[in-house]
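Visitor: Take this structure, written in structure tokens, and hold onto it; I'll ask about it next.
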Amino acid sequence: MLDHGLEVIVYALKLKQSHLLPSGAQPEVQIAQAEAWSAALAYAALGHDLGKIAVDIHVEYADGSVWHPWHGPLSAPYRLRYRKDRQYRLHTAATGPLIHQIVTREIQDWLCSFPEPWNCLMFNWAGQSEHTGDLGILITQADQASVALALGGDPAKAMAAPKHALQRKLLEGLRYLLSEEFKLNQPQASDGWLTQDALWLVSKTVSDKLRAHLLSLGVDGIPERNIAVFNVLQEHGIALPNADGKAIWKATVTSKTGWSHSFTFLKLSPALIWDAGARPAAFIGTVIVDDIETLPIPSDDASSPDSSPRQPRKGVAPANSPPLTLPYSMTEEPALPDSVDALMDLFGGPPCLPDDFDEIPRDDLEPVIMETKAEMPIKPSGAHFMEWLTQGVRSHRLIMNDTKALVHTVNDTIFLVTPGVFMRYGQEHPHLARIAKKEQLHDWQWIQKRFEEMKLHRKHPNDLNIWTCEVSGARRTRLLHGYLLKSHGGLMNDLALNNPYLKVVEPEPKKPKRPTLGNTR
């Protein structure tokens, strides 16, 4: 937690360099308050998770007497455990009683002489984020950057994550989804089912939502096709292989009410996800593995349900068979990314495009065939795409002007690489594929059409939409195709410069037709 708090301080102060606080104030006011805002950001960052000590854990001395953080430093041997009934987000309101142990009276006396940062800081310590203004926004962005780093991402680049960290990114992403989003053991359609010996997750659902979750954290380097995701999960021992050594299982779920359905699954060991005391209750019903000959070749629509239940083939282990023993490497703590390198990247020079620039490959993902959750996701639209784009750039989930970036600055505006930026939106919103299929379009084509309908982009004199940019490298040049926005909408504030490696290729003017020479006789 201390490392996380210090990282958030570093990121918050780095982000502050691109902002003049308080927003809209006179320059002399901003200069006079500069140090106070820096201090307020530092103490807000260091204290944003401090309340966890008070509300998330139970601490007691060896004699059984309970210790609370407001008692002062621990003075004897102690033990601790996490509270099973702890309330998520309560810690944000518990900072106030503890902050005086970090922020001394002298510091508070000095800070309170600057009412604007002081007021924002007090609201932050009280957990009232809606009143924290620019301070709260910067702390949130810095916190997200630190979390992305902990998952193996790099908040300063397009997440060229080292391969050894991929196991941790996928596993932590699965744990988050199972804790916060997935529904298990539903009497009918569900995201997965937990039996005594295995966790069965619907393969298409878990792949789409895991990819979308990691991309929303700014973590790139995640395989774009579901087959590749399945293979990576199996390669790292997260997904257990079936009798044929493949990652995909087909099994029939039968609930106590008599409902039954066949799905394609990923099979995981519950010990990878939960500690013994935190594991949910097992499914009251059965999950029976189907005949191995009926298993489909893993594909991007691997969640297609089969309504007819099948009996397991003789020799194929049923769902209640003993769990497989995990390899030793999976019981070790996953390797952590090098935060020092990431911080050096964050503080390095401006990013550039090398001469080996490649465009993002096309994604052929098919839509999800069966709904497994009752909640309706956010409705995609051109306006939502622009909101997603703006938030992504400002939070650094969408990197600008970097290798394989989908957003660049050129000619004092924003250049959106197509189809890559629309494909990225589709990956973060998997349900878009179902909407697009009704119009017989790919998800990226559907959202690209909605974007064009907003008429926010510049057109050629001949009414064409797509512009070409030349990418200059050390040894060669490449071409990018995309949209030029009419206005950058404030997204150039963090960079203020056009990408020197990009140049818009202006269309050649039409040459007048050569007059036909008549007979000179």
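Visitor: Need one number: nm distance between label points at L479 and A76, each 7 Å from Cα along Cα→Cβ, rounded to one decimal.
Guide: Taking the two extended label points, one gets 7.8 nm.
Visitor: Points 7 angstrom from Cα along the Cβ direction at L497 and K84: gap in nanometres?
Guide: The two pseudo-label positions are separated by 5.8 nm.
Visitor: I want to make sure I understand the PRE zone here: with the label point 7 angstrom from the Cα of D109 toward its beta carbon, which residues in the range 13-41 have backbone N atoms less than 17 Å away?
Guide: Flagged as within label range: none.
Visitor: For a quick protection proxy, order the peptides 52-65, 256-269 by their average other-Cβ count within 10 Å, most packed first. Write out the running numbers ahead of the final one.
Guide: Values: 52-65: 13.7, 256-269: 19.1.
Ranked by mean Cβ neighbours within 10 Å, highest first: 256-269, 52-65.
Visitor: Evaluate E = 1/(1 + (r/R0)^6) for V66 and K438, where r is the Cβ-Cβ distance and R0 equals 60 Å; express this FRET efficiency to the nearest 0.05. Spell out each step's value before the answer.
Guide: Details: r = 59 Å, r/R0 = 0.98.
Result of the calculation: an efficiency of 0.55.
Visitor: Mind ordering 445-456, 190-201 by average Cβ neighbours within 10 Å, highest first?
Guide: Details: 445-456: 17.2, 190-201: 22.4.
The most tightly packed comes first, giving 190-201, 445-456.
Visitor: Okay, moving on. Mind listing the long-range amide H neighbours of D290? Cut-off is under 5 Å, sequence gap 5 or more, other chains count too, H placed in the peptide plane at 1.01 Å from N.
Guide: The list, which skips near neighbours in sequence, is K250, A251, T252.
Visitor: Grab the Cα-Cα distance for S472 and A282, subtract it from 0.36 nm times how many residues apart they are, and report the gain in nm with one decimal.
Guide: On the way: separation 190, 0.36 × 190 = 68.40 nm, distance 5.78 nm.
Length gained, S472 through A282: 62.6 nm.
Visitor: Defining a contact as two alpha carbons under 8 Å apart and six or more residues distant in sequence, what relative contact order in percent does the range 1-90 show? Present the calculation step by step, with values, prior to reporting the outcome.
Guide: Working: 72 pairs, mean separation 23.8, N = 90.
Across the range 1-90, relative contact order equals 26 percent.
Visitor: Would you pull out the residues with amide H under 5 Å of L441's amide H, same chain only if 5 or more places away, H placed 1.01 Å from N?
Guide: Counting only residues 5 or more places away or on other chains, the set is empty.
Taken together, the values in this text are just the output of simple stated rules run on the coordinates, not laboratory data. Bear in mind that the values here come from a model prediction, so they are computed numbers and not experimental data. All Cβ positions, even for glycine, are placed from backbone atoms using ideal geometry, and neighbour counts span all protein chains on display.
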